Amino acid sequence: MGNASVNGNGETVTSTPVAPPPARADAVLPPVDQKNLRRAAWAGGIGTALENFDFTIYGTASAIIFSKIFFSDLSAASGMLASFGVLFIGFGARPIGGMFFSKYGDRLGRKFVMVATLFVMGTATFAIGLLPTYAMAGIWSPILLLMIRFLQGFGAGAEQASGIVLLTETAPKGKRGRYSSLVFVGAAAGAAMGAIVWILVQMMPKAALLSYGWRLVFFSSISSPSLRGSSAARWPNLRSSRSSRKRASSRSRPRQWRMSSSTARSTWPGSSS
């Protein structure tokens with residue numbers, strides 16, 4: 001019911017109290033699951049480290065060896081340009097892969113995308129080590145290299161984005177930026193590991209490096225399946241951690257009384273009963 005009062009002109013004014021707006025969902029979220037948070041943090045760092053490891057070993061190989069084994073029919077300058085051209089294909093495929101996997105991340109969960117992209121990248125990197133050289137397969141050798149490089153970049157485009165999104169959704173308010181930054185810590189660690197592997201392999205004799213040494217670098221990407229498996233297994237199996245907490249919060253909130261439309265019309269000021 002409204003409160004009646006008389007203003008300065010002698011008119012009766014009826015005021016109706018207005019209910020305050022409901023509290024935001026973020027303000028009543030239950031505590032963050034610390035176990036899920038730690039799992040997501042570790043998996044985000046390890047997964048991105050593996051992704052950047054794969055990209056780093058390929059980029060280094062493009063600079064020091066691919067022009068000699070996949071583009072040996074070209075001059076030194078042309079072979080180097082062709083080698084870096086295939087390298088660019090991987091970066092061009094990254095946004096395509098990100099857009100492709102984004103819808104599946106929302107529908108099937110971040111963990112599905114994480115597992116899929118890690119194994120797509122790992123398989124593609126391992127397959128590069130199996131490729132025949134130009135002397136063995138001719139023009140098919142660089143063609144296969146280009147196709148596999150596209151697949152590698154396609155998988156990499158969604159892995160880093162999935163890590164950032166899930167860490168942002170899992171972390172508590174006020175710490176989301178800190179936990180999301182772990183993805184880029186993993187990226188730096190993966191680049192460093194790739195550089196170290198190439199430093200060690202280049203200690204081999206040149207003939208051995210051109211024959212099989214470079215293949216060992218790419219085989220090392222999948223020679224640690226425990227890292228890829230543990231990274232994927234650590235991811236919380238949630239479509240969206242924040243949306244799950246919101247649903248849990250909405251279920252725990254008491255139901256509010258709602259005024260029916262007929263009651264609202266009968267109690268509205270100036271309405272006839």
Practice problem: Go through the residues of segment 134-152 one by one and say whether even a single one is farther than 19 Å from G85 by Cα and touching a Ser or Thr at 6+ places or on another chain (Cβ under 7 Å). | Solution: yes
Exercise. Write out, first by first residue and then by second, each pair whose Cβ atoms fall under 6 Å of each other, whose residues are 6+ apart or on separate chains, and whose first residue, in segment 35-53, is over 16 Å from K175 (Cβ atoms) while the second is modelled with pLDDT under 80 and of a type in the set (S, T, Y).
Key: A43/S231; I46/S231; G47/S231
Quiz item: Which residues, taken from segment 137-184, are modelled with pLDDT of 80 or more, in contact with a helix residue (DSSP H, G or I) (Cβ under 6 Å, 6 or more places away or on another chain) and β-branched (V, I, T)?
Solution: I148, V183
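Quick check: anything in segment 20-40 farther than 30 Å from F119 by Cβ and modelled with pLDDT of 65 or more?
Pass one, segment 20-40, residues farther than 30 Å from F119 by Cβ: 20-31.
Still in the list and also modelled with pLDDT of 65 or more: 31.
Yes, because at least one residue in segment 20-40 is farther than 30 Å from F119 by Cβ and modelled with pLDDT of 65 or more.
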Exercise. Filter segment 64-80 for residues that are closer than 17 Å to R215 by Cβ and either touching a Cys at 6+ places or on another chain (Cβ under 6 Å) or free of Cβ contacts under 8 Å to residues at least 24 places away in the same chain (or both) and give the result.
Key: S67
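Give me a count of the residues in segment 195-214 that are among the polar types (S, T, N, Q) and either in contact with a Leu (Cβ under 9 Å, 6 or more places away or on another chain) or not in a helix (DSSP H, G or I) (or both).
At the first step, the residues of segment 195-214 found to be among the polar types (S, T, N, Q) are 202, 211.
Within this subset, residues satisfying the condition of being either in contact with a Leu (Cβ under 9 Å, 6 or more places away or on another chain) or not in a helix (DSSP H, G or I) (or both) are 202.
So the answer is 1.
For residues in segment 69-84 being buried (at least 16 other Cβ atoms within 10 Å of the Cβ) and more than 15 Å from I128 (Cβ to Cβ), which is nearest to the chain's Cα centre (by Cα)?
Ranking the candidates gives A82 first.
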Quiz item: Considering segment 130-149 alone, what residues qualify as being in contact (Cβ under 8 Å) with a residue 12 or more places away in the chain, under 31 Å from the mean Cα position of the chain (by Cα) and surrounded by fewer than 18 Cβ atoms within 10 Å (Cβ to Cβ)?
Solution: L130, L144, L146
Practice problem: Please verify whether segment 191-203 includes one or more residues that are touching a residue at least 12 places away in the same chain (Cβ under 8 Å) and under 20 Å from the mean Cα position of the chain (by Cα). | Solution: yes
Practice problem: Could you grab the pairs with beta carbons closer than 6 Å, sequence gap of 6+ or different chains, first residue in segment 87-115 and more than 17 Å from T125 (Cα to Cα), second one surrounded by fewer than 21 Cβ atoms within 10 Å (Cβ to Cβ) and among the basic types (K, R)? | Solution: G109/R239
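The values are calculated or read from the model by the stated rules, or taken from the named source; none is laboratory data. No experiment lies behind these values; they were computed from the predicted model shown. Counting neighbours? That spans all protein chains shown, and the Cβs are built from the backbone with ideal geometry, glycine included.
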